[in-house]
1. Select from region B:11-21 the residues that are under 10 Å from A:R25 (Cα atoms) and modelled with pLDDT under 85 and list them in ascending order.
2. Where the second residue is surrounded by fewer than 18 Cβ atoms within 10 Å (Cβ to Cβ) and of a type outside the set (G, A, S) and the first is more than 14 Å from A:A152 (Cβ to Cβ) and lies in region B:111-124, which pairs have Cβ atoms under 6 Å and are six or more apart or on separate chains?
3. Within region B:120-156, work out how many residues are under 18 Å from A:H143 (Cα atoms) and crowded, with 19+ Cβ neighbours inside 10 Å.
4. Pick out the one residue from A:R46, A:R70, A:R52, A:R25 that is away from every other protein chain (no Cβ under 11 Å) and free of Cβ contacts under 8 Å to residues at least 12 places away in the same chain.
5. Pairs only if they're at least six apart or on different chains, beta carbon under 7 angstrom, first in region A:129-156 and touching a residue at least 60 places away in the same chain (Cβ under 8 Å), second among the small types (G, A, S); list them, first residue then second.
6. Only one of these is within 26 Å of A:I98 (Cα to Cα) and either of a type in the set (D, E, K, R) or in a loop (DSSP other than H, G, I, E, B) (or both): B:R70, B:R85. Name it.
7. If we keep just the residues of region B:28-43 that are assigned to a helix (DSSP H, G or I) and either in contact with a Phe, Trp or Tyr (Cβ under 6 Å, 6 or more places away or on another chain) or free of Cβ contacts under 8 Å to residues at least 60 places away in the same chain (or both), which is surrounded by the fewest Cβ atoms within 10 Å (Cβ to Cβ)?
2 protein chains.
Amino acid sequence: MLENRLDYSAENCSLMRTLKIVGERWTLLVLREAFLGLRRFDDFQRAIGCARNVLTARLERLVEHEILERVPYREPGMRRRDEYRLTKKGMDLATATIALLQWGDRYVADTAGPPVIAVHGACGRPVRALLACQQHGEVTPYHVRSIAGPGAKKIA
Amino acid sequence: MLENRLDYSAENCSLMRTLKIVGERWTLLVLREAFLGLRRFDDFQRAIGCARNVLTARLERLVEHEILERVPYREPGMRRRDEYRLTKKGMDLATATIALLQWGDRYVADTAGPPVIAVHGACGRPVRALLACQQHGEVTPYHVRSIAGPGAKKIA
């Protein structure tokens, strides 16, 4: 709860800015596939099943925002092509992506359970997206409140 | 990285199902305002600045999916109206919402810094969305991999 929320502008909201970049279903599905390890246009296309021009536009946009980067490769006997790899900025979207995924696992998955599970590479145990206070560790959403930050803009 | 990703169907993906419900910019902005403490139609409208019919449709959809619930109220001298409150299912979207917000704070905020900060109600310290292994605590996205879950569907 932000006190006097209506006194502040939403114009510089970081959530809105993030959604302007990745808040489109096909874009997040491209990211999903990148997190699942895909890198090549044809693989993305096959996994997502969207039109090629839609995929081209989404990849282009993700490269423009430095979430994916193009890296050239060449298969034997084929022309040079580019593959798409997650940058650090892109990898940092994993927390949000896994949080959305796990909400879905909890509330809208089939009775069979989650189709994909995120695990810790080192030990194979499940990884969870959660909220944590630097002092008290995990906190539930009911114990989080919002305060105005340094970039808050009062509406005149 | 999911081994042989292309052997599996994406049809039952929990991320896609989540995005079908909340993966639309106005919908997530309504949720943002609900997390910031707003409950009333006119307040949502003022904060988000979207057309009233768009807001009506988004609220309707969130109620339908039991993310918001309608609770009647009556101001002195006015007719009874409904306000919109987050359910448990809705509150559980906080992790994903805060993760998206914090990615934006990191990569696309103005130099002034984040306009809104999520803090632990009990102590006032910042709350962060992060990934954690039940055994090893916080893990970076580089140490997460994906494995097929019980609901994974092999493509015939």
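The values are calculated or read from the model by the stated rules, or taken from the named source; none is laboratory data. It should be emphasised that the depicted structure is a prediction, and the values quoted were computed from it without experimental measurement. Counting neighbours? That spans all protein chains shown, and the Cβs are built from the backbone with ideal geometry, glycine included.
1. B:M16, B:L19, B:K20
2. Pairs found: B:G121/A:H143; B:C123/A:Q135.
3. Count: 4.
4. A:R52
5. That search, which allows pairs on different chains as well, returns A:R145/B:G121; A:S146/B:A118; A:G151/B:A109; A:G151/B:A112; A:G151/B:G113; A:K153/A:S9; A:I155/A:S9.
6. Answer to the selection: B:R85.
7. It comes out as B:D42.
So that you can scan it fast, the table gives a plain yes or no per residue for (1) touching a Cys at 6+ places or on another chain (Cβ under 7 Å); (2) closer than 16 Å to B:V108 by Cβ:
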site	(1), (2)
A:D7	no, no
A:A10	no, yes
A:C13	no, yes
A:M16	no, yes
A:L19	no, yes
A:W26	yes, no
A:V30	no, no
A:E33	no, no
A:L36	no, no
